[in-house]
Amino acid sequence: QVQLVESGGGLVQAGGSLRLSCAASGRTFSSYAMGWFRQAPGKEREFVAAISWIGGNTYYADSVKGRFTISRDNAKNTVYLQMNSLKPEDTAVYYCAARAGTWSNQWFQYAYWGQGTQVTVSS
């Protein structure tokens, strides 16, 4: 079992930065691939970034590549999403998710989810 709690969302102007954190409980955090997804009003949940359980491999949606960075600290049971050069179209609720084994960009393949944190980017 893994429980996830996100933090760090907020309101920021276009071009600004935010760092999201996802704190996980559970002694086997290091064996889970972690992902960030987002969902804007009226839209489907979409993949943002993922990091493998070993921590050396990262994956990004094309829309955020070069602007967002995912990282994890297994000692702190925490995964981060550094978001730079934010755009109004990044506005969404951001969710942290955990999946045993390999990473995936499909939200339905993740078994554990946080409650979400709102990110709003003003133009």
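Nothing in this text is a laboratory measurement; each read-out follows from the coordinates by a stated rule. Please read these numbers as outputs of a predicted model, since none were measured by experiment. For neighbour counting, all protein chains shown are included, and Cβ atoms are generated from backbone atoms with ideal geometry for every residue, glycine included.
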* To do: List the number of the failed condition for residue 103; all other conditions in (1) exposed (fewer than 15 other Cβ atoms within 10 Å of the Cβ); (2) touching a Ser or Thr at 6+ places or on another chain (Cβ under 8 Å); (3) among the aromatic types (Phe, Trp, Tyr) hold.
  => (1)
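Please go through the stretch 106-123 and give me each residue that is part of a strand (DSSP E or B) and either without any contact (Cβ under 8 Å) to a residue 40 or more places away in the chain or surrounded by fewer than 19 Cβ atoms within 10 Å (Cβ to Cβ) (or both), ordered by number.
Here is the first cut: in the stretch 106-123, the residues part of a strand (DSSP E or B) are 112-113, 117-122.
Once the filter is applied, which keeps residues that are part of a strand (DSSP E or B) and either without any contact (Cβ under 8 Å) to a residue 40 or more places away in the chain or surrounded by fewer than 19 Cβ atoms within 10 Å (Cβ to Cβ) (or both), the stretch 106-123 yields 112, 113, 118, 120, 122.
Rundown of residues vs (1) at positive phi; (2) not hydroxyl-bearing (Ser, Thr, Tyr), yes/no style:
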residue: 8; (1), (2): yes, yes
residue: 62; (1), (2): no, yes
residue: 75; (1), (2): no, yes
residue: 117; (1), (2): no, no
* Asked: Would it be correct to say that residue 56 is free of Cβ contacts under 8 Å to residues at least 12 places away in the same chain and closer than 25 Å to residue 31 by Cα?
  -> yes
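Quick grid of which residues meet (1) out of contact with any Cys (no Cβ under 9 Å at 6 or more places or on another chain); (2) more than 21 Å from residue 3 (Cα to Cα):
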{"position": "20", "(1), (2)": "no, no"}
{"position": "32", "(1), (2)": "yes, no"}
{"position": "51", "(1), (2)": "yes, no"}
{"position": "59", "(1), (2)": "yes, yes"}
{"position": "73", "(1), (2)": "yes, no"}
{"position": "92", "(1), (2)": "yes, yes"}
{"position": "123", "(1), (2)": "yes, yes"}
* Asked: Are any residues in the stretch 51-76 among the aliphatic types (A, V, I, L, M) and closer than 17 Å to residue 20 by Cβ, and if so, which ones?
  -> 51, 61, 64, 70
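Within the stretch 75-88, count every residue that is over 18 Å from residue 3 (Cα atoms) and in contact with a strand residue (DSSP E or B) (Cβ under 8 Å, 6 or more places away or on another chain).
Going through the stretch 75-88, the residues over 18 Å from residue 3 (Cα atoms) turn out to be 82-88.
Now narrow it down to the ones that are in contact with a strand residue (DSSP E or B) (Cβ under 8 Å, 6 or more places away or on another chain): 82-84, 86-88.
Residues that pass the stated criteria total 6.
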* the stretch 23-40 residues that are among the aromatic types (Phe, Trp, Tyr), paired with ones that are surrounded by 15 or more Cβ atoms within 10 Å (Cβ to Cβ) and outside any strand (DSSP E or B) (beta carbon under 6 Å, 6 or more apart) -> 29/77; 32/53; 37/45; 37/107
